[in-house]
Structure formats: structure tokens, C-alpha cells
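First the structure, in the form of C-alpha cells, and then the observations on it.
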Amino acid sequence: MLLLPSDPREPLWNSAADDCGDLPTVMSIGGWVRDTAKMWPEGAPRTLAEMVLIAFGNPSETTLHLLSQAVVAPNPRARKGTGVGAAWAARARETAIDVLAEADSLEEVLERAKTDWG
């Protein structure tokens, strides 16, 4: 999450908000990333995990492309694809599910992932 743009007006965050339809959650992710260390461990990991699943549960090609640009240093010779963004989003979802599964059963978390997060 620290690799992503901190400015909520960046195109990545607009695209993620369009994908999930939850602008308030997406716009507050940056604040949660900054505040997580202060709040650790009371509540912050679960809340941030839920935000990750909301924002990146079902990312569009545009979001994956913007994620790729955010997590890899610009390279003019690199392909302009979505592979890096797709890998980042998949790993972020896996980690979020692992965090939530610490308190709830894995089956409960996976069911919520299907019904609540895309």
C-alpha cells in the first residue's frame, strides 16, 4: 500500500472508486495507511484489509494498468500491460483475506469476499 500514490486525486484512486462504487472508502485508504502504525494492532489491520478488498476486489483493466505504473519504476522499454498490477492486486487480496481470517474462519472470510467485496 505504501507504493501507491498518497494523493486521493490520482487517477488510480478514481479508477478504483469507479470499479467498486465506494468513493468514500477509496478516498480514505490513504489516511488509513498513514494511521495504521499508530493504531496497531487495535482494529487497524482488519479495517485496512476490508478497504483493500473493497477497492481492489474486482479491479478493471484501467486500475490494473495504473497499479502497474505505481508499483514499478517507470521504464520506457517496459511493456505497458497490466501483469504487475494484477499480481499486486492478487497478493493484496490474499493478504487481506489472511488478516481477516485470523479472527474469523477462512470459510466465513471467503464467503464475505464473494458477497461483500466483489
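The values are calculated or read from the model by the stated rules, or taken from the named source; none is laboratory data. If you're wondering where the values come from, they're calculated on a predicted model, not measured in any experiment. Remember, those area values only see protein heavy atoms, side chains included, never the ligands or the DNA or RNA. Shrake-Rupley method; radii C 1.70, N 1.55, O 1.52, S 1.80 Å.
Just one of the listed residues (ALA103, ALA37) is at pLDDT below 90 and part of a loop (DSSP other than H, G, I, E, B), namely ALA103.
Annotation: ARG46 fulfils all but one of (1) assigned to a helix (DSSP H, G or I); (2) open to solvent by 50 Å² or more (accessible area, probe 1.4 Å); (3) of a type outside the set (A, V, I, L, M); (4) modelled with pLDDT of 85 or more; the unmet one is (4).
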